[in-house]
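The values are calculated or read from the model by the stated rules, or taken from the named source; none is laboratory data. Computed from a predicted structure; not experimentally measured. Every residue, glycine among them, receives a Cβ derived from its backbone with ideal geometry; neighbour counts consider all protein chains shown.
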Amino acid sequence: MAPALAWLAALMVVPCALVLALAFFRRGIYGGIEYTFTLENFGLVFDPLYAGIFLNSARIAGTATLIAVVIGYAAAYAISAAPRRWQPVFLFFAVLPFWSNYLIRTYAWIVLLNREGLITQLLRWFGYTGEPPSMLYTEGAVIAGLVYNYLPFVILACYAPLSRLNPELAEASRDLGASAATTFRRVVLPLTVPGIAAGAVFVFVLSIGNFVTPALLGGGRFQMIGNLVYDQFLTANDWPFGAALAMALIAIMLLVLTAQALAANRASGHVTQAGGNTDG
Amino acid sequence: MSEPRTLLAIDHVSKNFGRVTAVDGISLDIRENEFFALLGPSGCGKTTLLRMLAGFETPNDGRILLDGRDIAKTPPNKRPVNLMFQSYALFPHMSVRANVSYGLEMERLPAAEIRSRVDAILATTELVPFADRKPEQLSGGQKQRVALARALVKRPRLLLLDEPLGALDKKLRGAMQLELKRLQHEVGITFVIVTHDQEESLVMADRMAVLKDGRLLQCDTPHAIYEHPADRFVADFIGVMNFVPGQAAADGVVATNGARISGKVPATLSPGASAVASVRPERIRLFPSVETANRITGTVDALAYHGLDLQLHVRTPLSPKPFLVRVTADAADRRPVSSGDQVELGWDAADVRIFAE
């Protein structure tokens, strides 16, 4: 326990504390930091311009999360329904992209979405002769990149509860007169919600702070908070404001994670609460 | 009494999974309001047959007629048949009441009717105090009753029970056997139970079918199957039986030591064929006072006291395995025997069953 805490302190708490401290100082005239206390940086975070970027980031991350959950759950469902001995093989393929570098995976999408990229060539091959569709450097490209990169998390998170689900529960539901759709809605889905929630929080938290994907696939035109923080530190040289933005981002992530933890706690605590006297 | 009506007719039903034949041309009639048992060792096809009745498997061949209508291809949610799963398969995220209501909600019945029917079945199964509990807060016996209530509340034409008492301990099992029988009588629904426990089916069933390797060996009342087993396997599987291997003769079996066991030889057995004579332990008399057709002297190997009776293992020249003899406590008191004693055994020709080996 103690070594773990030491690691956590050295690699997590101290850097965060340093960044947090930065946020309370002024920006120097020629970049750098002027060590006088101020709350201005946090005030600026709520400026409509920057608040708008926060909202935009949340919207893009939310859309990516929704799409990733739908595709990921369907994939996990299909894998859990496959013959037992094939399931590890399918899971291996689902996780395979993780074995390559995030940047390379994202660059691959540029190759796909380019004006004269693979998708355009494929369309041409099918006889399309018009203008090549503009796909790269759009919000859609950013969302596609985020979904693609984080989908394996959702598949794994959803597969766990799906594969543990007793198949006789679905059979019992059918036996009692429920259609396949009702069985899914009333038995399978409620019992696998914890997996969906875990996967969704993962995608959302990783997406909202992402700066690589919007930079490469959004062409810098669709700024998300991650890009903004990056710019403040490395381009605008306004470290204090960058730190304040980073803290706001961390606050949002913690909020989402806490909400999920509370919900998961309530879901499992609900049953144990009334526990106590099980004899009789 | 009027002729019992056939509710379910299983007509030459077969099912194979790849190259494995699980059910091989079984035909059976199950009557209205009867308690029917499908009995057999594991892998005999009884569970596959049950799953075909529930609609989870489709036969490769044959028909399943419920009230004269072929339901072999009807999906499980469209047939008036309910299954009580071996694992109970209670919905873990729903309360006892929600579990029991589920099936009626699927029928889109008015809320008031659902409520009154659920209340009634919860009362019948003595689950009212547990209505708001989740399955994980129930004991094994309570879960079993919830599973039963959930199936019964639908008022199915046929209730299927897959090893319903398998998860319970021995004492509770005995009580639940009688409880199930009482319930079946009370609700007036036809029960088909699958079990590997021959004692369970003898106690509960009105009629039973013995299955082996996907085939039906015998279908009759427990009494008829116990007293007149169709073949050596059934004789061995149901209850306890002493076997004397030998060769068929005109009026019995000649054992390997040359002794003759008198009994009625089935017409299908030609003299000289390999045969086995058998007799139930409770039909053998110790030191018979009257003349019996069959008589042998042996040595007591071991004794087991069971309270109600005494079980003796008696080594005889008739068979390599010792004879099992059940003597009532009363008879044992009159003439005590102990291990190593020479005893005389005797039994009537009418109590001998002879089968092809």
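At a glance:
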read-out	value
Residue identified as more than 26 Å from the chain's Cα centre (by Cα) and of a type outside the set (Val, Ile, Thr) among B:Ala112, B:Ala89, B:Ala72	B:Ala112
Top-ranked residue of segment B:204-230 - restricted to ones that are buried (at least 16 other Cβ atoms within 10 Å of the Cβ) and basic (Lys, Arg), ranked as nearest to B:Ala37 (Cα to Cα)	B:Arg207
Unique residue being out of contact with any helix residue (DSSP H, G or I) (no Cβ under 7 Å at 6 or more places or on another chain), of a type in the set (A, V, I, L, M) and within 30 Å of A:Val188 (Cβ to Cβ) when the list is A:Ala81, A:Ala108	A:Ala81
Of all residues in segment B:189-203 being assigned to a loop (DSSP other than H, G, I, E, B) and not acidic (Asp, Glu), the one that is surrounded by the fewest Cβ atoms within 10 Å (Cβ to Cβ)	B:His196
Strands (runs of 3 or more DSSP E) lying entirely in segment B:256-320 (those with 3 or more residues that are without any contact (Cβ under 8 Å) to a residue 24 or more places away in the chain)	B:309-315
Matching residues in segment B:59-86 - criterion: being surrounded by 18 or more Cβ atoms within 10 Å (Cβ to Cβ) and part of a strand (DSSP E or B)	B:Gly62, B:Ile64, B:Leu66, B:Val81, B:Asn82, B:Leu83, B:Met84
Pair list, Cβ under 6 Å, 6 or more apart: segment B:205-221 residue assigned by TED's automatic domain parsing to the domain that holds B:Thr195 and under 16 Å from B:Asp236 (Cα atoms), other residue of a type in the set (S, T, N, Q) and surrounded by fewer than 22 Cβ atoms within 10 Å (Cβ to Cβ)	B:Val210/B:Gln218
Looking only at segment B:321-333, and only at residues there that are part of a helix (DSSP H, G or I) and charged (D, E, K, R), the one that is farthest from B:Ala277 (Cα to Cα)	B:Asp333
Condition check for B:Ala147: among the small types (Gly, Ala, Ser) and in a helix (DSSP H, G or I)	yes
Residue within segment A:25-44 that is at pLDDT 90 or above, of a type in the set (Val, Ile, Thr) and out of contact with any strand residue (DSSP E or B) (no Cβ under 8 Å at 6 or more places or on another chain) present	no
Identity of the residue in segment B:227-251, over 16 Å from B:Thr316 (Cβ atoms) and small (Gly, Ala, Ser), that ends up modelled with the lowest pLDDT	B:Ala250
Residue among B:Gly103, B:Gly43 that is within 14 Å of chain A (Cβ to nearest Cβ), among the small types (Gly, Ala, Ser) and not in a strand (DSSP E or B)	B:Gly103
Residue list for segment B:334-357, restricted to those being among the acidic types (Asp, Glu), closer than 13 Å to B:Phe287 by Cα and outside any strand (DSSP E or B)	B:Asp341
Single residue of segment B:333-354 satisfying the filter (touching a residue at least 40 places away in the same chain (Cβ under 8 Å) and over 26 Å from B:Ile225 (Cβ atoms)) that is surrounded by the fewest Cβ atoms within 10 Å (Cβ to Cβ)	B:Gly340
Test: A:Val154 is modelled with pLDDT of 95 or more, over 23 Å from A:Ala21 (Cα atoms) and away from chain B (no Cβ under 14 Å)	yes
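Here's the yes/no breakdown for (1) in contact (Cβ under 8 Å) with a residue 24 or more places away in the chain; (2) assigned to a helix (DSSP H, G or I); (3) under 28 Å from A:Leu254 (Cα atoms):
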{"residue": "A:Met12", "(1), (2), (3)": "no, yes, yes"}
{"residue": "A:Arg26", "(1), (2), (3)": "yes, no, yes"}
{"residue": "A:Leu44", "(1), (2), (3)": "yes, yes, yes"}
{"residue": "A:Phe54", "(1), (2), (3)": "yes, yes, yes"}
{"residue": "A:Tyr73", "(1), (2), (3)": "yes, yes, yes"}
